[in-house]
Amino acid sequence: MKKILFAVSAAALVSVSVAHHSAAMFDHSKTVTYKGVVKEFQFTNPHSWLQVLITGPDGNTVEWGFEAEGPSTLRRVGIEAKTFKPGEKVTVVANPMKDGRPAGAWITVTTADGKVYSTRPAPPPGSSAPPAGKS
Amino acid sequence: MQSFFQWLESWPVSVGLRESSWMFPAFESVHVIAITLVVGSVMIVDLRVLGLASRSERVTELSQAVLPWTWGAFAVALVSGFCMFAAKADAYFGNTSFQIKMLLMAAAFVNMLMFHFIPYRSVHSWDEGASAPPLARLACGASLTLWVFIVLMGRWIGFSIEG
Amino acid sequence: MLQSFASWLSQTPASQIIQNVLWIIPLVQTLHILAIAVVLSSVAMIDLRIFGLAGRRATMMQTADRYVPWLWWGLLVLALTGVTLITGEPVRSLTNPAFQIKMLLLLGAMAVTISFQRSVRKNAVVWDTRVRSSSPIRVAAVGTLLLWFAIAVAGRWIAYMVLEY
């Protein structure tokens, strides 16, 4: 009886977790380039968020959130809180969300002056997809 | 609720956790080590009551020796956890894994109270050997299960937090 | 050389599966944490005995016989889950300074464990002439626990010291 309860609650918890986890999952097989204007750069642990206003072909402006690691990691690749200023034009290369929500896992950001900020050190040649998980 | 979260997020420790390179990993490390000590020590007592380990020790002597440390480690886990929560209170509050973790901890707390106020009262009659009453065993089995899932939910927070 | 091994490993089917099935890494990490609970608590219980704070009815040999096996089984689970995590993200782990430091500290901790086991076996009478062991032993006991803590801390810092993916 205890074993059945255990199994049922385990299954329930895992399904809830996977369902929620999917909402935060990015499609690592796709890389998309986005152009927009910085609204805000949240330079925080555990994850930083670059909020970018992107105007689609239909003329609507949507706020996208691009997630990266926290200051602990980003500072080591030269990114600081003031690196991305509101109003600045940026080009973001990111893995989009699987469910189509306006968010992505940011890979590189190119600022108006042409400087490229990568959230990841370059992978060695021939290596596979970016990291599956976060910290 | 929102202004309460904003107030928590304005604390110096919250600001430090968000912006410092080392504070967040440091608090996380302390939190994880404290949790492992809570879970490990709870496992030792639970396995004893279940009659699966340390059978030559008296239940009372083992729990009295171990549980103060369990509470000490729990206090450390609580303080470090609360600070990390305060850093992004709004985001964590809305995180399903965090919510489930808190519910499971409440359940573990109730389970512990139930164990101490009901079967444990007669402990001197089952202090030696593997003769704990069914309710005691049920509570300890539930305790082990709950803590395993508490750890799992805690880990899921890291993979699902959107903040 | 480490790079090319890590790159090769990241291309294997096992690596791909671990990376692409979302719940594997969090689940394996959870088992890793539970095994850490077993190892740290076993060390702590031996230390409590050394300080005369728990299990005083048992001899040091009995205490060691009770908790050291749990320590080694816990380490086995840590090794198996650890290898799985490394296989899932080989470059991220193997080239990582925090990971490398963790492995060195682990070698140290294992050496201490083995030497403790040997000492208890050889000098059982000496260990048990006092309920509370001598000063140097108590210092070594605390030091050992701190060493295991350092291993756990290094493990957490892996996520923050990534050099390459």
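Side notes on the structure shown:
- Top-ranked residue in region C:1-23 [being surrounded by 18 or more Cβ atoms within 10 Å (Cβ to Cβ) and among the hydrophobic types (A, V, I, L, M, F, W, C); ranked as farthest from the other protein chains (Cβ to nearest Cβ)]: C:Leu9
- Per-region count, region B:1-50, residues among the small types (Gly, Ala, Ser) and away from chain C (no Cβ under 11 Å): 5
- Screening region A:77-100 for residues that are closer than 23 Å to A:Asn45 by Cβ and in contact with a helix residue (DSSP H, G or I) (Cβ under 9 Å, 6 or more places away or on another chain) and picking the one that is nearest to the other protein chains (Cβ to nearest Cβ) gives A:Ala81.
- Just one of the numbered conditions (1) within 13 Å of another protein chain (Cβ to nearest Cβ); (2) out of contact with any Phe, Trp or Tyr (no Cβ under 6 Å at 6 or more places or on another chain); (3) surrounded by fewer than 21 Cβ atoms within 10 Å (Cβ to Cβ); (4) under 30 Å from A:Ala68 (Cβ atoms) is not true of B:Met102: (1).
- The single condition among (1) among the β-branched types (Val, Ile, Thr); (2) surrounded by fewer than 19 Cβ atoms within 10 Å (Cβ to Cβ); (3) more than 29 Å from C:Leu145 (Cβ to Cβ) that C:Ile101 does not meet is (3).
- Condition check for C:Tyr165 on (1) more than 14 Å from chain A (Cβ to nearest Cβ); (2) surrounded by 18 or more Cβ atoms within 10 Å (Cβ to Cβ); (3) assigned to a loop (DSSP other than H, G, I, E, B): one failure, at (1).
- Some residue of region B:51-62 being within 10 Å of chain C (Cβ to nearest Cβ) and either under 19 Å from the mean Cα position of the chain (by Cα) or part of a helix (DSSP H, G or I) (or both): yes
- Selection within region B:117-163 - within 11 Å of another protein chain (Cβ to nearest Cβ) and among the β-branched types (Val, Ile, Thr): B:Thr145, B:Val148, B:Ile150, B:Val151, B:Ile157, B:Ile161
- Long-range neighbours under 7 Å by Cβ, at least six apart or interchain, first residue in contact (Cβ under 8 Å) with a residue 40 or more places away in the chain and closer than 25 Å to B:Ser97 by Cβ within region B:130-152, second of a type in the set (Val, Ile, Thr) and part of a helix (DSSP H, G or I): B:Ser143/B:Val42; B:Trp147/B:Val39; B:Trp147/B:Val42; B:Val151/B:Ile35; B:Val151/B:Val39; B:Val151/C:Thr30; B:Val151/C:Ile33
- Enumeration of residues in region A:27-49 that are assigned to a strand (DSSP E or B), farther than 16 Å from A:Ser72 by Cα and either polar (S, T, N, Q) or away from chain B (no Cβ under 14 Å) (or both): A:Val32, A:Thr33, A:Tyr34, A:Lys35, A:Gly36, A:Val37, A:Val38, A:Lys39
- Index of the failed condition, B:Ala75 passing every other in (1) modelled with pLDDT of 95 or more; (2) within 12 Å of chain C (Cβ to nearest Cβ); (3) out of contact with any helix residue (DSSP H, G or I) (no Cβ under 6 Å at 6 or more places or on another chain): (2)
- Restricting attention to region C:1-42, the residues being under 25 Å from the mean Cα position of the chain (by Cα) and assigned to a loop (DSSP other than H, G, I, E, B) number 1.
- Residues satisfying the stated conditions in region C:66-89, i.e. crowded, with 20+ Cβ neighbours inside 10 Å, free of Cβ contacts under 8 Å to residues at least 40 places away in the same chain and away from every other protein chain (no Cβ under 12 Å): none
- Listing of helices (runs of 4 or more DSSP H) fully contained in region C:43-130 that carry 3 or more residues being touching a helix residue (DSSP H, G or I) at 6+ places or on another chain (Cβ under 6 Å) and modelled with pLDDT of 95 or more: C:60-88, C:97-122
- C:Pro26 being away from chain B (no Cβ under 13 Å) and over 18 Å from B:Ser54 (Cβ atoms): no
- If you filter region B:9-32 down to residues that are within 15 Å of the chain's Cα centre (by Cα) and in contact (Cβ under 8 Å) with a residue 24 or more places away in the chain, you find that the one that is surrounded by the most Cβ atoms within 10 Å (Cβ to Cβ) is B:Glu28.
- Pairs with Cβ under 6 Å, 6+ apart, first in region A:73-92 and within 11 Å of A:Leu50 (Cα to Cα), second loosely packed, with under 13 Cβ neighbours inside 10 Å and small (Gly, Ala, Ser): none
- Every pair of residues 6+ apart whose Cβ atoms lie under 6 Å, when the first sits in region C:44-61 and is within 11 Å of chain B (Cβ to nearest Cβ) and surrounded by 20 or more Cβ atoms within 10 Å (Cβ to Cβ) while the second is assigned to a helix (DSSP H, G or I) and polar (S, T, N, Q): C:Arg49/C:Thr63; C:Gly55/C:Thr63
- Residue in region B:63-84 that is surrounded by the most Cβ atoms within 10 Å (Cβ to Cβ), counting only those that are over 28 Å from C:Asp65 (Cβ atoms) and over 15 Å from the mean Cα position of the chain (by Cα): B:Met84
The values are calculated or read from the model by the stated rules, or taken from the named source; none is laboratory data. Note that the structure is predicted; figures quoted are calculated from it, not measured. Please note: Cβ atoms are built from the backbone with ideal geometry, for glycine as well, and neighbour counts cover all protein chains shown.
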